[in-house]
Amino acid sequence: MCNTHRRRFIGQIGVAGLLLTPLAASLAGCASEHWPEGMKPIAWDRDACVRCNMRIADHRFAAQLRGGPKDTTFKFDDVGCLVFWLEEQRARFPWMDDAATRMWVAAWESPSAGEAIWLDPRQARYIAKRSPMRYDLAASAAAAADAPSLSY
């Protein structure tokens, strides 16, 4: 009356699940993306820009600001959104001018989201490239020869 093969199979599935759980957990911890110290990860295509509310999808134009007494993080889909938001919100967040406030912009040369190169926007060079919100600014570690260089 009792099907022992079925019981054995169900037991093996349970054991296999217990054995594979630590493997899955360890692989989940091996993220391929590298973030600078202090930067919060950007969930590509899920996080929204604080200024325009557009999803952050293009890794070549992303930016982030972090600081203040509550260690607040603001994420941007375009370098232009960061620049204009800084000007618009300076009175509301006076801590933005503190030396402890951290900012990052993605380098145009970044090969992929997982290998994004993050720069300090105060030290980056800016080149004219078509950007998501059409501010047409891109940060660069070294200015491209074919594009006009802009200063910050």
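The values are calculated or read from the model by the stated rules, or taken from the named source; none is laboratory data. Quick caveat, the model's predicted, so the values are computed rather than measured. Please note: Cβ atoms are built from the backbone with ideal geometry, for glycine as well, and neighbour counts cover all protein chains shown.
Residues that are at pLDDT below 95, of a type in the set (Ser, Thr, Tyr) and outside any helix (DSSP H, G or I): does region 61-83 have at least one? Among the residues of region 61-83, not one is at pLDDT below 95, of a type in the set (Ser, Thr, Tyr) and outside any helix (DSSP H, G or I), which makes the answer no.
Among the residues of region 100-110, none qualifies, meaning not one is outside the structural domain of Ser140 (by TED's automatic domain parsing), surrounded by 14 or more Cβ atoms within 10 Å (Cβ to Cβ) and in contact with a Pro (Cβ under 7 Å, 6 or more places away or on another chain). Residue pairs, Cβ under 7 Å, 6 or more apart or interchain, first in region 39-57 and part of a loop (DSSP other than H, G, I, E, B) and at pLDDT 95 or above, second of a type in the set (Asp, Glu) and surrounded by fewer than 16 Cβ atoms within 10 Å (Cβ to Cβ). List them. Correct list of pairs: Pro41/Glu33; Ala57/Asp45. Of all residues in region 59-77, how many are surrounded by fewer than 17 Cβ atoms within 10 Å (Cβ to Cβ) and closer than 18 Å to Ser110 by Cβ? Final tally of qualifying residues: 0. Glu115 - would you say it is surrounded by fewer than 17 Cβ atoms within 10 Å (Cβ to Cβ) and within 16 Å of Ile42 (Cβ to Cβ)? Taking the combined requirement at face value, the residue satisfies it. Just one of the listed residues (Ala106, Ala116) is of a type in the set (Gly, Ala, Ser) and at pLDDT 95 or above, and it is Ala106.
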